[in-house]
Amino acid sequence: AQKVTQAQTEISVVEKEDVTLDCVYETRDTTYYLFWYKQPPSGELVFLIRRNSFDEQNEISGRYSWNFQKSTSSFNFTITASQVVDSAVYFCALSPNTGGFKTIFGAGTRLFVKA
Amino acid sequence: GAVVSQHPSWVICKSGTSVKIECRSLDFQATTMFWYRQFPKQSLMLMATSNEGSKATYEQGVEKDKFLINHASLTLSTLTVTSAHPEDSSFYICSASRQFEELFFGEGSRLTVL
């Protein structure tokens with residue numbers, strides 16, 4: 001079965017705190033892609049990162065960083081020094097090779113960053 | 001970069017009418033597009049895979065006669081909600097991809113059926 005689990009439904013932090021959003025996935029495919037998307041209150045989906053299953057290098061982009069660990073099927077997302085503008089729903093997603101890379105989304109984690 | 005555009009962004013219609021939502025890939029050819037539905041405070045659920053020049057593939061539980069999908073060209077897919085009812089009110093999002101690249105999402109279309 002293909003599945004994405006985001007166990008944290010809501011997280012509330014104070015500005016400048018670091019926060020990690022967890023993502024655990026299930027797939028039997030050896031080739032797949034993992035994504036993180038941000039959905040601000042306005043509703044549009046903003047692409048943050050794509051990682052393919054053969055690339056386990058962690059990535060840092062400004063205040064954002066991602067930790068991909070195949071051994072635990074996790075793809076966690078950390079925001080350093082959070083800001084109010086980071087408040088949004090964050091979705092982790094999986095595109096397995098089976099099915100033509102159609103994407104399966106986790107339930108999302110709603111992040112509130114208070115000033 | 002690649003852009004996917006959806007139109008309209010907002011639509012309000014009366015119960016019983018049909019509504020068409022367009023999804024265009026603006027600077028690349030998309031042989032496959034996907035349609036998702038999102039209920040308030042919920043995740044995105046895949047409704048169907050739209051294949052250029054052939055019939056769409058619907059996910060289990062999605063009524064193909066209610067949600068008509070047409071992918072007439074490599075840059076355009078349309079979703080028509082037929083005989084819309086209030087329970088069809090939702091946020092509909094399309095996406096398209098070039099193979100092995102990230103999905104590009106449209107802005108989404110919010111449908112309200114009165």
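Got at least one residue in region A:68-75 being at pLDDT below 90 and on the phi < 0 side of the Ramachandran plot?
Checking region A:68-75: not a single residue is at pLDDT below 90 and on the phi < 0 side of the Ramachandran plot.
Collect the residues in region A:64-115 that are among the polar types (S, T, N, Q) and not in a strand (DSSP E or B), keeping them in residue-number order. Walk me through how you get there before you give the answer.
Going residue by residue through region A:64-115, those that are among the polar types (S, T, N, Q) are A:65, A:67, A:69, A:71-74, A:76, A:78, A:80, A:82-83, A:87, A:95, A:97-98, A:103, A:109.
Hits for region A:64-115 are A:Ser71, A:Thr72, A:Ser73, A:Thr80, A:Ser82, A:Gln83, A:Ser87, A:Asn97, A:Thr98, A:Thr103.
If you go through region B:27-47, how many residues are within 17 Å of B:Thr75 (Cα to Cα) and either surrounded by fewer than 14 Cβ atoms within 10 Å (Cβ to Cβ) or in contact with a Leu (Cβ under 8 Å, 6 or more places away or on another chain) (or both)? Before you say what the answer is, go through the steps one by one.
Filtering region B:27-47 down to residues within 17 Å of B:Thr75 (Cα to Cα) leaves B:27-35.
Now restrict to residues that are either surrounded by fewer than 14 Cβ atoms within 10 Å (Cβ to Cβ) or in contact with a Leu (Cβ under 8 Å, 6 or more places away or on another chain) (or both): B:27, B:29-31, B:34-35.
Looking only at that region, the number is 6.
Yes or no: A:Ser53 under 27 Å from B:Ala96 (Cβ atoms) and in contact with an Asp or Glu (Cβ under 9 Å, 6 or more places away or on another chain)? Explain how you work it out, then say what you get.
On the way: under 27 Å from B:Ala96 (Cβ atoms): yes; in contact with an Asp or Glu (Cβ under 9 Å, 6 or more places away or on another chain): yes.
Taking the combined requirement at face value, the residue satisfies it.
Can you name the residue in region A:21-73 that is small (Gly, Ala, Ser) and in contact with a Leu (Cβ under 9 Å, 6 or more places away or on another chain) and, of all such residues, is farthest from A:Leu111 (Cα to Cα)?
Once the filter is applied, the top-ranked residue is A:Ser53.
The rows are residues; the columns are (1) modelled with pLDDT of 95 or more; (2) away from chain A (no Cβ under 14 Å).
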position	(1), (2)
B:Leu76	no, yes
B:Thr80	yes, yes
B:His85	yes, yes
B:Ala96	no, no
B:Glu107	no, no
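Every residue, every condition in (1) surrounded by 13 or more Cβ atoms within 10 Å (Cβ to Cβ); (2) among the basic types (Lys, Arg); (3) more than 11 Å from chain B (Cβ to nearest Cβ); (4) under 30 Å from B:Gln60 (Cβ atoms), yes or no:
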residue: A:Phe47; (1), (2), (3), (4): yes, no, no, yes
residue: A:Tyr64; (1), (2), (3), (4): yes, no, yes, no
residue: A:Ser71; (1), (2), (3), (4): no, no, yes, no
residue: A:Asn76; (1), (2), (3), (4): yes, no, yes, no
residue: A:Thr80; (1), (2), (3), (4): yes, no, yes, no
residue: A:Asp86; (1), (2), (3), (4): yes, no, yes, no
residue: A:Asn97; (1), (2), (3), (4): yes, no, no, yes
residue: A:Phe105; (1), (2), (3), (4): yes, no, no, yes
residue: A:Lys114; (1), (2), (3), (4): no, yes, yes, no
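The values are calculated or read from the model by the stated rules, or taken from the named source; none is laboratory data. All of these numbers come straight from a predicted model, not from anything done at the bench. Cβ sites come from the backbone with ideal geometry, for glycine too, and all protein chains shown count toward neighbours.
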